[in-house]
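Engineer: The following block contains the structure, expressed as structure tokens.
The values are calculated or read from the model by the stated rules, or taken from the named source; none is laboratory data. The structure displayed is predicted, hence computed values, not measured ones. Every residue, glycine among them, receives a Cβ derived from its backbone with ideal geometry; neighbour counts consider all protein chains shown. Accessible surface areas use protein heavy atoms only, side chains included; no ligands, DNA or RNA. Shrake-Rupley method; radii C 1.70, N 1.55, O 1.52, S 1.80 Å.
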Amino acid sequence: MIRAVIFDLDGTLIDSAPDIHAAANLVLEGEGLPLVSFEQSRSFVGRGARVFVERMEQAVTGRNDPELTAHLHARFLHFYERAHENTRVYPHVPEMLAQLRDHGLALGLCTNKPLRPTHAALAHLGWDAMFDVVVGGDSLDVAKPDPAPLLAVVSGLGLSLRDIVYIGDSETDAETAQRAGARFGLYTQGYRNTPVEQMFHHFRFDDYRQMAGQLFQPS
């Protein structure tokens, strides 16, 4: 019996790629560096803010300098925490979350987005109290695809892996679920770069109206 659903955030519940792209280019413009395209920026998403900045820096300078990376990372976090203007909730997500609540399920959030930008985004969306446990990319010493963040959410809910389903959109989420031994549902409209057929998942969907029907089917 499923007792909780744990979600990734960016690319899974919300499309924040336009605001992440804008934040990245504000940083680069301020440093007099070349800008990145939307497609480049979106491809950098998934492993947390630090890795995003490293990939961005590599793309525009051809290398990673620790001092510059640290500076760019700090500047990126400054803009990232305030970047909500163009963030959109994916279709039918609010109804889906309400439906899960009506079924008495707990909700968790496991994201590589740092905690401060995560809580800022949740506040912007009116989701301050939506999730029972929230673990961000800087909550632990490791981030996804290490399974520890997902396991921390499970533990925080007072549950075990057999009680939960994890929902995500990316290669990082799929690897996290596989390494944790968690049942995984893949939202196919997010930020993945790999064909669906090549990714670990127990079920997949492209519309949140389809999710509940698959959620309660046997593994």
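Engineer: Hey, got a sec? Which GluC sites (Glu not before Pro) in region 75-128 land in a DSSP loop and have at most 15 other Cβ atoms within 10 Å? Could you put the intermediate results ahead of the total?
Structural biologist: Numbers: sites: 81, 85, 95; in loops: 81, 85.
Qualifying residues, ordered by number: 85.
Engineer: Just 59, 49, 182 to compare: in a GNM of the chain, with alpha carbon springs under 10 Å, which one fluctuates most?
Structural biologist: Judging by the Gaussian network model, the answer is 59.
Engineer: Could I ask something else about it? Which of 168, 11, 62 ends up with the largest GNM mean-square fluctuation for the chain, with Cα atoms connected below 10 Å?
Structural biologist: Result for the chain, Cα springs under 10 Å: 62 fluctuates most.
Engineer: Please build a GNM for the chain, connecting alpha carbons under 10 Å apart, and tell me which residue among 33, 186, 157 fluctuates the most.
Structural biologist: 33
Engineer: So, one more: Applying the Karplus parametrisation 6.51 cos²θ - 1.76 cosθ + 1.60 with θ = phi - 60° to the phi angles of region 6-21, what ³J(HN,Hα) value in whole Hz is obtained for each residue in order, glycine and proline being reported as x?
Structural biologist: Here the 3J(HN,Hα) series is 10, 10, 6, 10, 5, x, 10, 9, 10, 9, 9, 4, x, 6, 5, 4 Hz.
Engineer: Here's something else I'd like to know. Leaving out ligands and nucleic acids, and using a 1.4 Å probe, what accessible area per residue does the chain come to in Å²?
Structural biologist: Numbers: 9910 Å² over 219 residues.
Heavy-atom accessible area per residue stands at 45 Å².
Engineer: So what is the diffusion coefficient of region 1-116 in µm² per second by Stokes-Einstein at 25 °C and 0.890 mPa s, using a Kirkwood Rh over Cα pairs? Intermediate values should be presented prior to the final figure.
Structural biologist: Details: Rh = 15.4 Å.
Answer, rounded: 159 µm²/s.
Engineer: While we're looking at this one, here's another question. Enumerate by residue number the trypsin sites (Lys or Arg not before Pro) in region 55-105 meeting two conditions: DSSP loop (anything except H, G, I, E, B), and at most 11 other Cβ atoms within 10 Å of the site's Cβ.
Structural biologist: Values: sites: 55, 63, 75, 82, 88, 101; in loops: 63, 82.
Here the trypsin sites (Lys or Arg not before Pro) that fit, given the DSSP loop and packing criteria, are 63.
Engineer: Tell me which chymotrypsin sites (Phe, Trp or Tyr not before Pro) from region 177-217 have a DSSP coil assignment and no more than 14 other beta carbons within 10 Å of their own. Don't jump to the answer; show the numbers that get you there.
Structural biologist: Values: sites: 184, 187, 191, 200, 203, 205, 208, 216; in loops: 191, 200, 216.
Here the chymotrypsin sites (Phe, Trp or Tyr not before Pro) that fit, given the DSSP loop and packing criteria, are 200, 216.
Engineer: For region 138-195, what % of the accessible area comes from carbon and sulfur atoms, probe 1.4 Å?
Structural biologist: Numbers: 920 of 2180 Å².
Carbon with sulfur: 42 percent of the solvent-accessible area.
Engineer: Then there is this: So how much slack lies between residue 31 and residue 67, counting 0.36 nm per residue of separation and subtracting their Cα-Cα distance, in nm?
Structural biologist: On the way: separation 36, 0.36 × 36 = 12.96 nm, distance 1.35 nm.
Working it through step by step, the gained length comes to 11.6 nm.
Engineer: Indicate the gyration tensor shape class of region 35-79 (rounded, prolate or oblate), computed on the Cα atoms with a ≥ b ≥ c the square roots of the eigenvalues: a/c under 1.5 is rounded; otherwise a/b larger than b/c is prolate and the rest oblate. Write down the numbers at each step before the final one.
Structural biologist: Working: a/c = 1.62, a/b = 1.21, b/c = 1.34.
Oblate, since a/c reaches 1.5 and b/c is not below a/b.
Engineer: Right, another one. What is the pair-distance distribution P(r) of the chain, computed from all Cα-Cα distances in 10 Å bins starting at 0, with each bin given as a whole percent?
Structural biologist: In whole percents, the pair-distance histogram is 8, 35, 36, 16, 4, 0.
Engineer: Is the C-alpha gyration tensor of region 94-219 telling us rounded, prolate or oblate? Criteria: a/c under 1.5 is rounded; beyond that, a/b larger than b/c is prolate, otherwise oblate. Each step should come with its number before you reach the end.
Structural biologist: Working: a/c = 1.31, a/b = 1.10, b/c = 1.19.
Judged from the Cα gyration tensor, region 94-219 comes out rounded (a/c under 1.5).
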